[in-house]
Amino acid sequence: MCAIAVPENTADTELPFGITIFSLSDQEGEILGTAERFLQTQSIPFAVCGLHKKGFPLESQLTELKASYKESINTAPHYRLYRLDTVPEKPGMVYDDKKGAAIAVEIYELLVVSIGAFLQQVKKPLCIGDVELSDGRIVKGFLCEEYGLANAKEMDEPFSALDPQTKADMQLLMRQIWQEEKPTVIFVTHDIEEAVFLSSKIYVLTQRPGTVKAEVPVLLPYDRDLPLKDTDEFIKLRKKVNQLIEHESLS
């Protein structure tokens, strides 16, 4: 007889669980193949908050491993987000149960068989740890080691502590107020998607000393709704702004 044990992550979310496959001693190759095919169906939820998000430069590290986007959600209100002094600049999330806030993250399903290949791409000071979500779930995700906060700046966006639905509602409200009252609004944000959705013009700034690097007209309809974010024109603008920021970080 021969046997192989494989993990299974759908039966119980609290306790480890596995399946053992048995076969005759001369059928070892068959059960290895069965185990491999089984593992290719198993995945874990993984939280990202920076350049791995949809439409950003490092999303390909996930999609090339056949990870799939599942949802946008906030963390529990116990985290702080910093702009790290790395090349390129990356956000780093740290746990802080006293002064923390909810951080917007995206959840991907990452295949179990791809975890090793993905971990090879994670560079210090980022690390993988438990991330608590606003609905109480605990998932694996990106965190930052404490030493990585040297020379880092905290990222404080106007809507950053809101849950995704409330944040979207606030964006629509801002658009409505702007259309009705016609005020001049200067909105500072690190969220590229938010900048494209709210703006008629985006100014991309350089690193210190801050000067205007580029002016990007946002030639989208004035009447905007949330489905606009999924259109090719919107995604093209978002990628253009992101490339400008990425080039600045690398320079």
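The values are calculated or read from the model by the stated rules, or taken from the named source; none is laboratory data. Values in this document were obtained by computation on a predicted structure and should not be read as measured data. Backbone-built Cβ (ideal geometry, glycine too); neighbour counts: all protein chains shown. To get the accessible areas, we keep the full protein, side chains included, count just its heavy atoms, and leave off ligands, DNA and RNA. Shrake-Rupley method; radii C 1.70, N 1.55, O 1.52, S 1.80 Å.
Data table
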item: All positions within segment 30-78 that are within 20 Å of THR231 (Cα to Cα) and in a strand (DSSP E or B); result: SER68, TYR69, LYS70, GLU71, SER72
item: Some residue of segment 58-79 being over 27 Å from ILE235 (Cβ atoms), of a type outside the set (A, V, I, L, M, F, W, C), without any contact (Cβ under 8 Å) to a residue 24 or more places away in the chain and open to solvent by 50 Å² or more (accessible area, probe 1.4 Å); result: no
item: Considering residues of segment 110-141 that are farther than 27 Å from PRO77 by Cα and part of a loop (DSSP other than H, G, I, E, B) only, the residue nearest to the chain's Cα centre (by Cα); result: GLN121
item: Total residues in segment 240-251, condition open to solvent by 70 Å² or more (accessible area, probe 1.4 Å) and at pLDDT below 90; result: 4
item: Count - residues of segment 102-125 that are under 13 Å from PHE46 (Cα atoms) and without any contact (Cβ under 8 Å) to a residue 12 or more places away in the chain; result: 1
item: Lone qualifier among THR166, THR189 - being under 24 Å from ILE107 (Cα atoms), surrounded by fewer than 18 Cβ atoms within 10 Å (Cβ to Cβ), at pLDDT 80 or above and not acidic (Asp, Glu); result: THR189
item: Complete set of residues in segment 137-156 that are free of Cβ contacts under 8 Å to residues at least 60 places away in the same chain and either buried (at least 17 other Cβ atoms within 10 Å of the Cβ) or not acidic (Asp, Glu) (or both); result: ILE138, LEU143, TYR147
item: Pick from segment 25-43, criterion hydroxyl-bearing (Ser, Thr, Tyr) and modelled with pLDDT of 75 or more, ranking: surrounded by the most Cβ atoms within 10 Å (Cβ to Cβ); result: SER43
item: In segment 80-118, residue surrounded by the most Cβ atoms within 10 Å (Cβ to Cβ) [restricted to those that are modelled with pLDDT of 90 or more and of a type in the set (Phe, Trp, Tyr)]; result: TYR108
